[in-house]
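Asker: Provided herewith is a single structure, encoded as structure tokens, for subsequent inquiry.
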Amino acid sequence: MTTAAEGMIRFEVKNGEEIVASGTLYITGNPADAAEPLWAHAYTCTLVGTGLRLEQDDRNGGGIIRFWEDRLYDLRGGAVTLSAEELESSVFYTNSTRITVRLSGETASGTVVLKDRTQGGAEIGYLELGNGKTEGVFTALSAARRYQLLWTGSEDCAITVGS
């Protein structure tokens, strides 16, 4: 019998011929149990991929890979303009270290909060927009993360998000 203390699985999720997601699972077993097969002992699993998340599967044990249930926007394809309502249910990926936010609306003003969706939704920044300031930039970001923006303010506005 061959045993291993770690493993790696690369995969693609396709819709017909179009690749809609891809990733790699890194699996590491407990070194104290190295004589046992990987599946027979405790392990940790890390998922690296765009548009996917790894959750604990409480019903069946182990883990399950899911798509982000929200709208995922890849900002490498250009900026996207959303309503204040649409912004909250959107997730953003950037292959740069920044996300720009631009506010449209004559009397619009409010606060944009940046959350790191891949770290439990931690709030990591905010911008005050309005009163003549219509654009702001979040910096020091990572392509390894997924971000969410929350808007508190005028409802009658459009918000453009880019990188």
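The values are calculated or read from the model by the stated rules, or taken from the named source; none is laboratory data. Since the structure is predicted, the reported quantities are computational estimates derived from the model, not experimental observations. All Cβ positions, even for glycine, are placed from backbone atoms using ideal geometry, and neighbour counts span all protein chains on display.
Asker: So, of the residues in the stretch 9-24 that are in contact with an Asp or Glu (Cβ under 8 Å, 6 or more places away or on another chain) and within 27 Å of residue 120 (Cβ to Cβ), which turns out to be modelled with the highest pLDDT?
Answerer: Our first condition is that a residue be in contact with an Asp or Glu (Cβ under 8 Å, 6 or more places away or on another chain); within the stretch 9-24, this holds for 19, 21-22.
From what is left, the residues that are within 27 Å of residue 120 (Cβ to Cβ) are 21-22.
Values: 21: 73, 22: 76.
My answer is 22.
Asker: While we're on this one: If you check every pair at least six apart or on different chains, which have Cβ atoms under 8 Å apart with a residue in the stretch 130-147 that is in contact (Cβ under 8 Å) with a residue 24 or more places away in the chain first and a residue that is among the aliphatic types (A, V, I, L, M) and outside any strand (DSSP E or B) second?
Answerer: These pairs meet every condition: 130/108; 147/141.
Asker: What are the residues in the stretch 104-138 that are over 16 Å from the mean Cα position of the chain (by Cα) and not in a strand (DSSP E or B), if any?
Answerer: Of the stretch 104-138, the ones over 16 Å from the mean Cα position of the chain (by Cα) are 104-112, 126-137.
Those that are over 16 Å from the mean Cα position of the chain (by Cα) and not in a strand (DSSP E or B): 105, 106, 107, 108, 109, 131, 132, 134.
Asker: Another question, if that's okay. Tally up the residues in the stretch 8-22 that are small (Gly, Ala, Ser) and under 19 Å from the mean Cα position of the chain (by Cα), please. Walk me through how you get there before you give the answer.
Answerer: Of the stretch 8-22, the ones small (Gly, Ala, Ser) are 16, 21-22.
Filter once more, so that each one left must be under 19 Å from the mean Cα position of the chain (by Cα): 21-22.
Looking only at that region, the number is 2.
Asker: What are the residues in the stretch 59-89 that are touching a residue at least 24 places away in the same chain (Cβ under 8 Å) and part of a loop (DSSP other than H, G, I, E, B), if any?
Answerer: Pass one, the stretch 59-89, residues touching a residue at least 24 places away in the same chain (Cβ under 8 Å): 65, 67-68, 70, 72-76, 78-85, 87-88.
Scanning the stretch 59-89 gives 68, 70, 78, 79.
Asker: Among the candidates 43, 93, 126, single out the residue that is among the hydroxyl-bearing types (Ser, Thr, Tyr), out of contact with any helix residue (DSSP H, G or I) (no Cβ under 7 Å at 6 or more places or on another chain) and modelled with pLDDT under 85.
Answerer: Working: 93 fails: out of contact with any helix residue (DSSP H, G or I) (no Cβ under 7 Å at 6 or more places or on another chain); 126 fails: modelled with pLDDT under 85.
On inspection, the qualifying residue turns out to be 43.
Asker: Something else: I'm trying to understand the selection: among the residues of the stretch 64-86, which are of a type in the set (A, V, I, L, M, F, W, C) and farther than 30 Å from residue 12 by Cβ? Step through it out loud before you land on a result.
Answerer: Looking only at the stretch 64-86, we keep the residues that are of a type in the set (A, V, I, L, M, F, W, C), and these are 64-65, 67-68, 72, 75, 79-80, 82, 84.
Result: 84, single match.
Results for (1) acidic (Asp, Glu); (2) at pLDDT 85 or above; (3) over 21 Å from residue 142 (Cα atoms); (4) out of contact with any strand residue (DSSP E or B) (no Cβ under 6 Å at 6 or more places or on another chain), shown as yes or no for each residue.
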residue: 26; (1), (2), (3), (4): no, no, no, no
residue: 34; (1), (2), (3), (4): no, no, yes, yes
residue: 39; (1), (2), (3), (4): no, no, yes, yes
residue: 61; (1), (2), (3), (4): no, no, yes, yes
residue: 78; (1), (2), (3), (4): no, yes, no, yes
residue: 86; (1), (2), (3), (4): yes, yes, yes, yes
residue: 103; (1), (2), (3), (4): no, yes, yes, no
residue: 121; (1), (2), (3), (4): no, no, no, no
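Asker: Could you check the stretch 103-123 and list, in sequence order, the residues that are polar (S, T, N, Q), exposed (fewer than 15 other Cβ atoms within 10 Å of the Cβ) and either farther than 16 Å from residue 54 by Cβ or touching a helix residue (DSSP H, G or I) at 6+ places or on another chain (Cβ under 8 Å) (or both)?
Answerer: Residues satisfying the conditions are 104, 107, 111.
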